[in-house]
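Here's the structure we're looking at; comments come further down.
The values are calculated or read from the model by the stated rules, or taken from the named source; none is laboratory data. This structure is a prediction, so every number in the text was calculated from the model and none was measured. In this analysis, Cβ positions are derived from the backbone assuming ideal geometry, glycine residues included, and neighbour counts consider all displayed protein chains.
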Amino acid sequence: MKKAVAAGLSLLLILSLAACGGSNGAGGESASIPSAEAEQAVTVRAAALKGPTAMGLVKLMRDSEDGNSTYGYYDFTLAASADEVSPGLIQGELDVACVPANLASVLYEKSKGEIVALSINTLGVLYIVERGDSVTSLSDLKGKTIAAAGKGSTPEYALRYLLRENGVDPDTDVTIDWKSEHSECVSALASGSEAIALLPQPFVTVAQGKIEGLRVALDLTEQWDRLENGSALITGVTVGRRQFAEEHPVATALFLEGYGASVAWVNEQTEDSARLIGSYGIVDTAVAEQALPQCNIVCITGAEMKEKLSGYLEVLYDQDPASVGGALPEDDFYYGA
């Protein structure tokens, strides 16, 4: 029962925050510790986008709804796009949210430091797929046309960076046919108007179910890791309002602990988690079951989060400072690091 949590909150405050690498908003002065009783009654208002980030949260979402969560009280919102989430964070209507990695930095800058990164929730989910077998390396993309969606966000920045690092000029050596949505890329592949596309999971699985002979040619996460540049290809980050994290350190720690437990369950219990994902309308159950092993769902906090995320944001900044809000975040962006 959730009320059984109250007696252990003081201990959880110490242990959970130590596990996350800090005691309050990174780099700030020690906040006063609220009473266990007050913290136990806090309801965390959380949002996630329909996709891998929400997929990782489903166990915590269901347990909270059923009244079985040992990680506190939650009010969850599932959104179709980041545009639906950002205003709620800035205006204080949400406490935590799962957003694209570069948007986390943009929100930090826009809010003048009032948004902090709590965890990395999704690593790379981008893949080059093709109808054929002409692509075995990024250099093979020279002279090709690639259907892609996500211009001005992670897909574009990751693709352009990796192409350059592999001797391919993204402006002159390839043609990138930008679509407004990933589903349009799938349609282009199915109609035969495009033979190669950049797609994230679970759209890769959806496309393979519709298009015979479509294969994964390149995993961009693997291509990124081969560069050994000290960073990681990151899709999603969990952010929170600094004021909430500082005023409710126990609730924040419990959320991170609960998120980590949910991610572990989703990755280990693929069949059960796929059914749960389907019940929430995030993606179809059959698609979720096939896609989960390639979705790179994680819960990385503290110093490891800072190392991977800061390196990734630096790569984006070097390409286009506006992609991260015009400047790289200060150390206080990385909660618990």
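Some notes on this structure:
- Segment 90-110, subset acidic (Asp, Glu) and in a loop (DSSP other than H, G, I, E, B), residue surrounded by the most Cβ atoms within 10 Å (Cβ to Cβ): Asp95
- Filter result for Val174 (outside the structural domain of Tyr74 (by TED's automatic domain parsing), crowded, with 17+ Cβ neighbours inside 10 Å, β-branched (Val, Ile, Thr) and over 13 Å from Pro200 (Cα atoms)): yes
- No other residue among Glu165, Glu156 is over 20 Å from Ala288 (Cα atoms), outside the structural domain of Asn102 (by TED's automatic domain parsing) and either surrounded by fewer than 17 Cβ atoms within 10 Å (Cβ to Cβ) or not charged (D, E, K, R) (or both) apart from Glu165.
- Looking across segment 268-283, the residues that are surrounded by fewer than 23 Cβ atoms within 10 Å (Cβ to Cβ) and in contact (Cβ under 8 Å) with a residue 40 or more places away in the chain come down to Leu276, Tyr280, Gly281.
- Lone unmet requirement of (1) without any contact (Cβ under 8 Å) to a residue 24 or more places away in the chain; (2) of a type outside the set (A, V, I, L, M, F, W, C); (3) surrounded by fewer than 17 Cβ atoms within 10 Å (Cβ to Cβ); (4) within 25 Å of Tyr334 (Cβ to Cβ) for Gly113: (1)
- All positions within segment 214-239 that are at pLDDT below 90 and over 26 Å from Val116 (Cα atoms): Glu228
- Of all residues making up segment 188-227, the number that are within 24 Å of the chain's Cα centre (by Cα) and part of a strand (DSSP E or B): 8
Residue-by-condition table, conditions (1) at pLDDT 95 or above; (2) in contact with a strand residue (DSSP E or B) (Cβ under 6 Å, 6 or more places away or on another chain); (3) outside the structural domain of Val266 (by TED's automatic domain parsing):
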{"position": "Cys20", "(1), (2), (3)": "no, no, no"}
{"position": "Ser35", "(1), (2), (3)": "no, no, no"}
{"position": "Val42", "(1), (2), (3)": "no, no, no"}
{"position": "Leu49", "(1), (2), (3)": "no, yes, no"}
{"position": "Pro52", "(1), (2), (3)": "no, yes, no"}
{"position": "Thr70", "(1), (2), (3)": "no, no, no"}
{"position": "Asp83", "(1), (2), (3)": "no, no, no"}
{"position": "Glu93", "(1), (2), (3)": "yes, no, no"}
{"position": "Cys98", "(1), (2), (3)": "yes, yes, no"}
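- Boolean, Val186 is in the same structural domain as Pro329 (by TED's automatic domain parsing), in contact (Cβ under 8 Å) with a residue 24 or more places away in the chain and over 17 Å from Thr122 (Cβ atoms): no
- Here Val125 meets each of (1) modelled with pLDDT of 95 or more; (2) buried (at least 22 other Cβ atoms within 10 Å of the Cβ); (3) of a type in the set (A, V, I, L, M, F, W, C) with one exception, condition (1).
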